[in-house]
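Contents: one structure, followed by commentary.
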Amino acid sequence: MIIAIVIILFYFALPTPLFNKPYSYILLDRNGELLQARIASDGQWRFAGEGELPQKFELALLTFEDKHFYHHPGINPWAIIRAARLNLLQKKIVSGGSTISMQVIRLSRNKPRTIFQKCIELMLALRLECAYSKKEILALYANHAPFGGNVVGLQTAAWRYFGRDANQLSWAEAASLAILPNSPAMVRPDRNRNILLLKRNMLLDAMQKRGIIDIETCLLAKQEPIPQKPLPLPEEAPHLLGSITNGVLIQKNNFTPVIHSTLDAKLQHAVTNIIERHHVILAANGIQNAAAIIMDTERGNVLAYVGNVYHPEQPDIDSYVDMIPARRSPGSTLKPLLFAAMLQDGLILPHALIADIPTQIAGYAPQNFDLQHDGAVAASRALARSLNIPAVRMLQQYRVERFYTLLQKLEIKSLDKGAMHYGLSLILGGGENSMWEICGVYASLARMLNHYPVYNGHYNLTDLHEPIVVENKNKQVIKAIDWQNMPDNFIPGAGAVYNTFEAMQDLMRPGDEYLWTLFNSSKHIAWKTGTSFGFRDGWAIGITPKQVVAVWTGNADGEGRPTLTGISTAAPIMFEIFKLLPDAGWFELPYDDMQQVVTCKQSGYIASAICDDKDTIYTSKHTGNLPVCNYHQWVHTDITKKFRVSSECMPPSKMLHQSWFVLPPAMEWYYKNHNPDYRTLPPWASDCLNAQNNSGSMEMIYPKKLTAIYVPVELDGKSGSCVFEVAHRNKQATIYWHLDDKYLGSTKEFHSYGLNPSAGKHTLTLVDETGERLEQLFEVMVNK
């Protein structure tokens, strides 16, 4: 019975876990290089070790502490007898006779060093040997042994004293660290250095005598200096470590104290330097924060993650905020996704004309960045130039609800207030997204495009995922899925994505053509910039077949600055980062998801029978009917080609019939100012008055029919005024304005008129000198 009780007590004597100390969080790059560390909650630098001890340290440790470690059961009676004899001769404790197993127990219990406690350590050391292997016991010792000050554990000591991983230590360095736990308070690199040097050299001699190292290695090792003092730990990714450990990027239970990231240390350091260098210029203009991320397209791994500048000594610039997962207005960075979606559905073709005229939709009046209008612009050029009005008109056609659903499917989850909350402003940055999400979406689309030929014209849903910064070893594999069987056109197909990236290659802004043209001649990059309302955020994102680079600039507190635009602040950083990366070539044309179509070169739509200038292009394959050009029409002129005629004033046999590219009056009014080769329609012959009066030469720009106009109340309590505008094909035409049948005045060449109508419904009547008449109904709502 007594024996059974003793056995039970012996079995349960060892606590579980043996050590209950907090570890420091450490962030390693993909090659195991230390990037960042955070001190443990108890104020100690304690790195968790992984795997077996480095051989050099193990041999040095066993030579110094426990030569018979592999041959005793946890206690060494001969060592205890020897220690007792020495202590009696010296009349003080000079040796404890402890084995490494006993020292592990002592470290775990942290009790006073008395004879009674020594007896307990002896028993627990025997129990330890029953529960753990020799290698595991060595690892426990190395991970929890003190190395001076608040440095605990071999890995911590290797980085603090030598600036490298424990596996990279030399014989001299391993010997130095093997000595430190014996008396860390008395002997360490910054205290009693001569004693440490002497002990290290004695240990090296002992290792040479045991045949562990040869005499030449021993002599060379003795020439190595002792470190001066603890080195500062690397601070290459403070924001990433913070966002991981706080559960912002990944769930807290999905990582250990030793975090193996996908980052590349050299690339991380280089990008950090670029951000810091540009920050000097940005800060001079009141722009205090910047962030950048690089992703590998193939797997979605994050190669560099600079969440912000890092200046803890300047708390007022909020450099502690990680801007990569932060929700900010994305500006125009979502426009390519709408372009791809509309191509996928066959609603547009890559170069189809989109109206760029003053626009008001239910009180919402978007403006282009330069406050100008092109009248009509190719969809690809509208994307490349980031024009706002065409984008809003495209979203109106595609529908906000559909686009919102698409963004949700593309893993953009930060838009959580419903489609109608954002409305048409969604395409101009009316919502809030993170760089983490946006970068992940574009990398997913590029990955899908790369894999399209690999999967023989199929798609794999595993290609669509958020960025990976901590390797997921348990990836779920889903078989390839045929696009035709994917419900509701889940994502834009390879053809639509290819057309979109092609359009993004041509991105260019006035004043910057020379710089970007020089760069684009050396590397193919699909890129997009964005600027949020109020100049609060500057964005730039670039995509190649191998990498995605995203850059954000701004102020973490949301303060806007007049010079804060994506093209001037973020794009230069992005292109400098791309210089660090190898040339990735360009995407392979996905022939199986594209079709050749004949388009009208002027309108960009499918060529009609009367289009006289045609072009053959590749566009996304679509099973429905693609839009056909309706801008070409037959125009009948007299023999001089100077006047239009009709059958009312000239026999058809005497007419000339020409195919003519004709835009609606409002589009034409702005288009011809930017396109000097545009041919306006010839005037009507004087004897064709009836045809002239019904020709539709006028078009209302603002307000549109049945528009509700909101007129603000001025400070003096009176209603404000609004400007009405109309376009006429004849630049020299005179238009006579009437409001509710009351004559107001006339305009010539520039047809805009300031009115101050009362609240209620009104009729605006416009008549030109030929008698053509245009009526417009509208209602005035007064804002109080």
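The values are calculated or read from the model by the stated rules, or taken from the named source; none is laboratory data. Note that the coordinates shown come from a computational prediction; the quantities given were computed from them, not determined experimentally. A quick note on method: Cβ atoms are made from the backbone with ideal geometry, for glycine too, and the neighbour counts reach across all protein chains shown. When the accessible area is computed, the model is the full protein with side chains, heavy atoms only, and any ligands, DNA or RNA have been set aside. Shrake-Rupley method; radii C 1.70, N 1.55, O 1.52, S 1.80 Å.
The figures follow:
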quantity	calculated
Residue under evaluation L220, criteria (1) open to solvent by 60 Å² or more (accessible area, probe 1.4 Å); (2) at pLDDT 95 or above; (3) within 18 Å of Y161 (Cα to Cα); (4) of a type outside the set (S, T, N, Q), criterion not met	(3)
Matching option when the condition is touching a Lys or Arg at 6+ places or on another chain (Cβ under 6 Å), touching a residue at least 12 places away in the same chain (Cβ under 8 Å) and closer than 22 Å to G346 by Cβ, among A382, A391	A391
The stretch 525-562: number of residues that are among the acidic types (D, E) and within 18 Å of L428 (Cβ to Cβ)	1
Any hit, the stretch 209-230, residues being touching a Gly at 6+ places or on another chain (Cβ under 9 Å) and in a helix (DSSP H, G or I)	no
Every residue from the stretch 231-241 that is surrounded by fewer than 19 Cβ atoms within 10 Å (Cβ to Cβ) and either acidic (D, E) or in a helix (DSSP H, G or I) (or both)	E235
Within the stretch 605-630, tally of residues that are outside any loop (DSSP other than H, G, I, E, B), open to solvent by 50 Å² or more (accessible area, probe 1.4 Å) and not acidic (D, E)	4
All positions within the stretch 631-654 that are within 21 Å of A609 (Cα to Cα) and open to solvent by less than 20 Å² (accessible area, probe 1.4 Å)	H632, V635, T637
Matching residues in the stretch 648-679 - criterion: being in contact with a strand residue (DSSP E or B) (Cβ under 8 Å, 6 or more places away or on another chain) and of a type in the set (D, E)	E668
Within the stretch 730-744, tally of residues that are among the small types (G, A, S) and not in a loop (DSSP other than H, G, I, E, B)	0
Criterion: modelled with pLDDT of 90 or more and assigned to a loop (DSSP other than H, G, I, E, B) - qualifying residue of E502, E466	E466
Enumerated strands (runs of 3 or more DSSP E) restricted to the stretch 242-320, each holding at least 1 residues that are at pLDDT below 95 and open to solvent by 10 Å² or more (accessible area, probe 1.4 Å)	258-260
Restricting the stretch 163-197 to residues that are in a loop (DSSP other than H, G, I, E, B) and at pLDDT below 90, the residue that is surrounded by the fewest Cβ atoms within 10 Å (Cβ to Cβ)	A185
Any chance K672 is open to solvent by 50 Å² or more (accessible area, probe 1.4 Å) and at pLDDT 70 or above	no
Residue tally, condition in a loop (DSSP other than H, G, I, E, B) and open to solvent by less than 10 Å² (accessible area, probe 1.4 Å), over the stretch 525-556	4
Boolean, T765 is under 26 Å from Y671 (Cα atoms), open to solvent by less than 50 Å² (accessible area, probe 1.4 Å) and either in contact with an Asp or Glu (Cβ under 8 Å, 6 or more places away or on another chain) or not in a strand (DSSP E or B) (or both)	yes
Number of the condition not met by A125 [criteria: (1) open to solvent by less than 60 Å² (accessible area, probe 1.4 Å); (2) in contact (Cβ under 8 Å) with a residue 60 or more places away in the chain]	(2)
Candidates L28, L35, filtered to the one that is closer than 13 Å to W159 by Cα and surrounded by 21 or more Cβ atoms within 10 Å (Cβ to Cβ)	L35
Qualifying residue in the stretch 579-588 (condition: in contact with a strand residue (DSSP E or B) (Cβ under 7 Å, 6 or more places away or on another chain) and surrounded by fewer than 22 Cβ atoms within 10 Å (Cβ to Cβ))	yes
Where a residue in the stretch 347-362 is touching a residue at least 60 places away in the same chain (Cβ under 8 Å) and its partner, wherever it lies, is crowded, with 24+ Cβ neighbours inside 10 Å and of a type in the set (D, E, K, R), with Cβ under 9 Å and at least six apart	D356/D374; I357/D374
Test: residue in the stretch 614-633 that is among the β-branched types (V, I, T) and at pLDDT below 85	yes
Unique match (being modelled with pLDDT under 85, under 48 Å from the mean Cα position of the chain (by Cα) and either on the phi < 0 side of the Ramachandran plot or not acidic (D, E) (or both)) among S752, S719	S719
Matching residues in the stretch 131-162 - criterion: being assigned to a loop (DSSP other than H, G, I, E, B) and surrounded by fewer than 21 Cβ atoms within 10 Å (Cβ to Cβ)	Y132, S133, G149, N150
Residue count, the stretch 54-88 (criterion: among the β-branched types (V, I, T) and either surrounded by fewer than 18 Cβ atoms within 10 Å (Cβ to Cβ) or at pLDDT 90 or above (or both))	2
Qualifying residue in the stretch 581-599 (condition: of a type in the set (S, T, Y), in a loop (DSSP other than H, G, I, E, B) and within 28 Å of I427 (Cα to Cα))	no
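Okay, residues lined up against (1) open to solvent by 20 Å² or more (accessible area, probe 1.4 Å); (2) more than 18 Å from the chain's Cα centre (by Cα):
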position: G429; (1), (2): no, no
position: E432; (1), (2): yes, no
position: A443; (1), (2): no, no
position: Y459; (1), (2): no, yes
position: L464; (1), (2): yes, no
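Rundown of residues vs (1) touching a residue at least 12 places away in the same chain (Cβ under 8 Å); (2) in contact with a strand residue (DSSP E or B) (Cβ under 6 Å, 6 or more places away or on another chain); (3) among the β-branched types (V, I, T), yes/no style:
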position	(1), (2), (3)
N194	no, no, no
L203	yes, no, no
K209	no, no, no
I215	no, no, yes
I226	yes, no, yes
E236	yes, yes, no
